[in-house]
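Here's the structure, in structure tokens; my notes come after.
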Amino acid sequence: MRLKKSFGQHILVSRGVLNKIARSLEIKEGDMVVEIGGGTGNLTRVLLSYPLKKLYVIELDRDMVEHLKEIEDERLEVIHADASEFPFCELGKELKLVGNLPYNVASLIIENTVFNKDCVPIAVYMVQKEVAEKLEGRRETGWLSVFVRSFYDVEYVMTVPPRFFVPPPKVNSSVIKLVRREKINVKDLRDYKNFLTTLFANRRKALRKKIDKELLERAGINPDARVESLTLEDFFKLYSLKNS
């Protein structure tokens, strides 16, 4: 099947990696699973070997949608949609998400996962290695990393070299596992996201130029500090004081 560059398609062909991804999802009997970007169905078929109750596959490429519909399994439902804005929670209250995410929209899909966190206790994603390391906190963090780690523990599962894909990407990939943390009291996720993006804008500037100095002092944070020095607890504390 012809792949389309516009969709950032790199098909994972390593059976070992496909099995590792499926195992990481910890599928149990009766689980509802959502695969993002089913492509040629390599991971889809592995997932269907588990005793899941339902497998939804969200695919944007119409040609791939028709190809996936050829897989005969009554538990499978293929949905033609954009996963970066799809309302996952409309599919169920407890969903396990999984997928080899296209590099060009991976961040948007991960962001959308957080917006649907109430129905997504676990997600296992293949992303560019650099993105995985930022999300885990190994590299210089950004607003998305803090946004994700505010609600999920991020586990680095494995590194996947380019040779395991067709066509091979120019960078290494990684599998990460997101496990939802205990309930965090943030009622308005979009407001929290805006709060984080404001703090990370012009990251060289001191925090006092972005947020009230008195608020920083109340939180026990040096007003002259920069955003990269803040811990996850600092972000929560500042946000809570801002909205108190």
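Each reported figure results from applying straightforward, stated rules to the coordinates on display, with no laboratory input. Predicted model only: the values in this text are computed from it and were never measured. Every residue, glycine among them, receives a Cβ derived from its backbone with ideal geometry; neighbour counts consider all protein chains shown.
What the Kirkwood sum gives for the chain is a hydrodynamic radius of 19.0 Å, with every pair of different alpha carbons counted.
With the highest mean first, a sort of the peptides 51-64, 160-173 on other beta-carbon atoms found within 10 angstrom per residue produces 51-64, 160-173. For the cross-link pairs LYS183/LYS210; LYS96/LYS117; LYS28/LYS183, the ones whose C-alpha atoms lie over 19 Å apart are LYS183/LYS210; LYS28/LYS183. By the rule of a C-alpha distance below 23 Å, with chain neighbours fewer than 8 residues away ignored, the lysines paired with LYS170 are LYS4, LYS5, LYS20, LYS129, LYS134. Distance between the 7 Å Cα→Cβ label points at LYS54 and LYS170: 4.1 nm. Count Lys and Arg as plus one, Asp and Glu as minus one, and take only other residues whose Cβ is under 10 Å from that of VAL227; the net charge is then +3. Bridging of LYS209 to aspartates and glutamates at a Cα separation below 12 Å is possible for ASP224, once same-chain residues fewer than 8 apart are set aside.
A crude spin-label estimate for the pair LYS187 and LYS20, with each label 7 Å from Cα along the Cβ direction, gives 4.4 nm. Near LYS177: Cβ cut-off under 12 Å, other residues only, Lys/Arg at +1 and Asp/Glu at -1. The net charge is 0. Residue order for VAL157, VAL131, VAL13, VAL34, fewest other beta carbons within 10 angstrom first, comes to VAL13, VAL157, VAL131, VAL34.
A full extension of the chain between GLU66 and GLU217 corresponds to an added length of 48.6 nm, given 0.36 nm per residue minus the alpha carbon distance.
Extension gain, HIS80-ALA225: 0.36 nm per intervening residue step, less the Cα-Cα distance, totals 47.6 nm. Near GLY16: Cβ cut-off under 14 Å, other residues only, Lys/Arg at +1 and Asp/Glu at -1. The net charge is +4.
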